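Q: This is the structure I have questions about; it appears just below.
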Amino acid sequence: MVKHIKLAIIIPAYNEEKTIASVLTCLPKKISGVKEIFSIVIDDGSIDETYNIANSISNFTARHIINLGLGSALETGFVIAKKTNADIFVTIDADGQHNPKYIGKLIRPIINGEAEVTIGTRKINKKSMPWYRKVGNGGMNLFTYLVFGKWCSDSQSGMRAFSKKALEKMTLYSSGYEISTEIIGEVKRNKLKMKEVAIPAQYSDYSLGKGQINLNFINIFIRILSIISRRKT
Amino acid sequence: MKIFSQIIAVFLGSVVFFKTYYDFRKKRESIAMFIFWQILWLIVIFVALDPMPFYELMRKSSHYNIGAGTFLGIGFIFLLFITYKLYAKVNELEYEIKSMVTKLALKDFKK
């Protein structure tokens, strides 16, 4: 087990000026067993005030000059987090969909050595999730299972935690939303210990309007095929 | 079926016509490329609306008795190849842009 754990919370953001400040200020200041907590915001080419707001609150801020997609933003976040010698890496969405209070619960299995990767599955208060989201997520879970052979009951959740070792083993190519599916594939490929941690589904009109639409499935499918072929060549 | 292909040809031709015109007006397209696309798609529209001169031309110019169907089949394979080339090129460019943007972000990131 790692002593004096450093925790990096990576928040990819794209045009999130309305929510980024509240997400950052709600991040836990103290978690039992963790010595240092810091946030890293990756502004993925926002055209609003996201970067300036994040820059005034977050510990680290980086900016993509154009919008590349969720996968690329996370990749940049991971690179910065590795430079800071973090031991555990957490990712959460910037639209306020995830309750930062659950970060402690999310990383507990990693601190205890029970898992190398944890996924925050939106099981608590699941009724608040609209039916089309449930259908979309169910379809993506099935797709992820069929392609990579690893079941995750919320494969598209943006709230995840990784140990340093797990992240070093993973090779991610995705630039967009398909990153969520690819992460599960990498867990399987590298035989990493994964645990699902129940978190609340926290939806607002704002976050529903910002999330990925079910039609993205086709796009994700094509991109995942491209990633698989890249790995095999 | 014929009317269906004619509608598609006119629709796609109009899309290309207005898009290239818009790009040309915005100075994103050179005059040479603008004229090239206009002529090419005008030919496509004319052939779709009245294919007989095209069939006649095929019949007269072909020494190997190649029919219009064979000609279109070869054209389709060629288009698939072009599509693949474009896909590969876009992938390559996307990768290069991603590397460049990430490098810039890492260079300028603030503590």
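Q: Ranked from the most accessible area to the least, with a 1.4 Å probe and all protein chains present, what is the order of A:C26, A:C152?
A: On the way: A:C26 80, A:C152 0 Å².
Greatest to least solvent exposure: A:C26, A:C152.
Q: Calculated FRET efficiency, A:R189 and B:K107, Cβ-Cβ r, R0 41 Å, to nearest 0.05? Can you show the working numbers first?
A: Numbers: r = 31 Å, r/R0 = 0.76.
Here the calculated transfer efficiency is 0.85.
Q: Another question, if that's okay. Buried by at least 20 Å² relative to the chain on its own: which residues of the range A:173-197 qualify, computing accessible area with a 1.4 Å probe on protein heavy atoms?
A: A:S175
Q: Let me ask something else about it. Buried accessible area between A and B (1.4 Å probe, both chains summed, ligands and nucleic acids excluded), in Å² to the nearest 100? All intermediate terms of the calculation are to be shown ahead of the outcome.
A: On the way: alone 11150 and 10020 Å², together 19710 Å².
Heavy-atom accessible area buried at this interface is about 1500 Å².
Q: Separate question: Do you know the relative contact order of chain A, to the nearest whole percent, from alpha carbon pairs under 8 angstrom that are 6+ apart?
A: Working: 451 pairs, mean separation 51.5, N = 233.
With pairs under 8 Å counted, the relative contact order is 22 percent.
Q: Counting only other chains, and only Cβ atoms inside 10 Å, what mean value do you get across the residues of B:95-101? Don't skip to the end; give the middle numbers.
A: Details: counts 2, 0, 4, 10, 1, 2, 10.
Per residue, the average neighbour count from other chains is 4.
Q: With +1 on each Lys and Arg Cβ and -1 on each Asp and Glu Cβ, how big is the dipole of the protein assembly as shown about its Cα centre, in debye rounded to the nearest 20?
A: The dipole of the protein assembly as shown has a size of about 1120 debye.
Q: Carbon-plus-sulfur fraction of the accessible area of chain A, 1.4 Å probe, in percent? Walk me through the intermediate numbers first.
A: Working: 5830 of 10460 Å².
Looking at chain A in its full context, I get 56 percent from C and S.
Q: Using a 1.4 Å probe on the protein chains only, how many percent of the accessible area of the range B:2-111 belongs to carbon and sulfur?
A: Numbers: 6670 of 9060 Å².
C and S fraction of accessible area: 74 percent.
Q: Further question: Could you state how much accessible area B:K85 has, in square angstrom rounded to the nearest 10, with a 1.4 Å probe and all protein chains kept in place?
A: 120
Q: If you count only protein heavy atoms with a 1.4 Å probe, what accessible area per residue comes out for the range B:1-56, rounded to a whole Å²? Please list the in-between numbers first.
A: Numbers: 4430 Å² over 56 residues.
Result: 79 Å² of accessible area for each residue.
Q: Would you compute, from DSSP H runs of 4+ residues alone, the mean residue ellipticity of chain B at 222 nm, taking -39500 (n - 2.57) per run and dividing by the full residue count, rounded to the nearest 500? Walk me through the intermediate numbers first.
A: Details: 4 runs with 94 residues, N = 111.
For chain B, the value works out to -30000 deg cm²/dmol.
Q: Which of A:K105/A:K150; A:K165/B:K98; A:K6/A:K193; A:K83/A:K150 have a Cα-Cα distance over 27 Å?
A: Numbers: A:K105/A:K150 23 Å; A:K165/B:K98 25 Å; A:K6/A:K193 20 Å; A:K83/A:K150 30 Å.
Beyond 27 Å: A:K83/A:K150.
Q: Another question about this same structure. So for the pair B:N91, B:K60, with labels modelled 7 Å out along Cα→Cβ, what separation do we get in nm?
A: For B:N91 paired with B:K60, the spin-label model returns 4.5 nm.
Q: OK, next. Based on DSSP H runs of at least 4 residues, each adding -39500 (n - 2.57), what is the mean residue ellipticity at 222 nm of chain A after dividing by all its residues, to the nearest 500 deg cm²/dmol? Present the calculation step by step, with values, prior to reporting the outcome.
A: Values: 9 runs with 95 residues, N = 233.
Rounded to the nearest 500, the figure is -12000 deg cm²/dmol.
Q: Alpha carbon centre of the range B:1-49 versus the range A:143-193: separation in Å?
A: 44
Q: Any idea which of A:G33, A:M129, A:I222 is furthest toward the positive side of the dipole for chain A, if Lys and Arg beta-carbons carry +1 and Asp and Glu beta-carbons -1?
A: It is A:G33, whose Cα lies furthest towards the positive end.
Q: Suppose R0 equals 41 Å. What FRET efficiency, 1/(1 + (r/R0)^6) with r the Cβ-Cβ distance, do B:M100 and B:T70 give to the nearest 0.05? Working shown, then result.
A: Details: r = 45 Å, r/R0 = 1.10.
Calculated transfer efficiency: 0.35.
Q: I've got another one for you. Roughly speaking, what is the stretch gain from B:F78 to B:F46, that is 0.36 nm per residue apart minus the C-alpha to C-alpha distance, in nm to one decimal?
A: On the way: separation 32, 0.36 × 32 = 11.52 nm, distance 2.12 nm.
Between B:F78 and B:F46, full extension yields an extra 9.4 nm.
Q: With +1 on each Lys and Arg Cβ and -1 on each Asp and Glu Cβ, how big is the dipole of the range A:1-108 about its Cα centre, in debye rounded to the nearest 20?
A: Charge dipole, the range A:1-108, about its Cα centre: 780 debye, nearest 20.
Q: Would you please classify the overall shape of chain A from the alpha carbon gyration tensor, given that a ≥ b ≥ c denote the square roots of the eigenvalues, rounded means a/c under 1.5, and beyond that prolate means a/b larger than b/c while oblate covers the rest? Before the final figure, lay out the partial values.
A: Values: a/c = 1.28, a/b = 1.10, b/c = 1.16.
Cα axes put chain A in the rounded bin.
The values are calculated or read from the model by the stated rules, or taken from the named source; none is laboratory data. It should be emphasised that the depicted structure is a prediction, and the values quoted were computed from it without experimental measurement. Every residue, glycine among them, receives a Cβ derived from its backbone with ideal geometry; neighbour counts consider all protein chains shown. What goes into the accessible areas is simple: the full protein's heavy atoms, side chains included, and nothing from ligands, DNA or RNA. Shrake-Rupley method; radii C 1.70, N 1.55, O 1.52, S 1.80 Å.
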